[in-house]
Amino acid sequence: MLVLVLALMPNGLAAAESPEDLTGWGAARWGMTAGELEAALGTAAQPLPGRWLYGGAYADLSVPDVAVGGLAFTAYLQMDEASDRLRQVLLERRRVGATPAAFERLVESLEAAYGEPSQVCAQAKSGGVPLDYHMIWRFPTTTVHAKFLDFSTTAAFSRDPQAGFDPRRAERDVRRNLRRFFPRRILLRFHDARESDLDRGCS
């Protein structure tokens, strides 16, 4: 897994200078109500099929097919449970589309837009803990987190249906990995910089 971690390290491409600030996510501003978000985002904001809970926050609205670096994400508008106001936008890309190459494309796009990250760290996968690669951009109003998580395992196999039965051939030679047991996620979070509990750094 260390090879994968190294492959995800910044590749030395020239990054833009960091902007002075990010005032929110697109037209959304921290502290907006659901009504204000719908007015700001228009038809892009779509109701979710029920309320999604996030531990102290919830999402009733999402923005599907958000393009970042040529990659499609779903954005979830997370509201504070106590105030019913926007505190974070979570963009998520899962499974087949969440590859190391896709994350590299995302990082290139973010560096072009925001400059060099404020913090970078990587945790190699071991003992059931996923590979976790994390980059953070901090601005006065908004903090941005880009995260690649790989929970994949080599312990899940199926038998190759094209392989005939041969008692002289070891079973491990005809097994193959089950792709559905290789969950990966790319997460991109934008949140109010004052929300210190959302800025977990590289932990």
With respect to Thr74, is the statement that it is out of contact with any strand residue (DSSP E or B) (no Cβ under 9 Å at 6 or more places or on another chain) and farther than 19 Å from Thr142 by Cβ true? no
Please verify whether the stretch 53-71 includes one or more residues that are crowded, with 20+ Cβ neighbours inside 10 Å and aromatic (Phe, Trp, Tyr). no
Being farther than 19 Å from Ala39 by Cα and not charged (D, E, K, R) is the filter here; which residues of the stretch 75-92 pass it? Ala82, Leu90, Leu91
Qualifying residue in the stretch 77-84 (condition: in contact with a Pro (Cβ under 8 Å, 6 or more places away or on another chain) and at negative phi): no
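Any read-out appearing in this document is the output of simple, stated calculations on the displayed coordinates, not a laboratory observation. This one's a predicted model, so the numbers in the text were calculated from it and none came from an experiment. Virtual Cβ from ideal backbone geometry, glycine too; neighbours counted across all protein chains shown.
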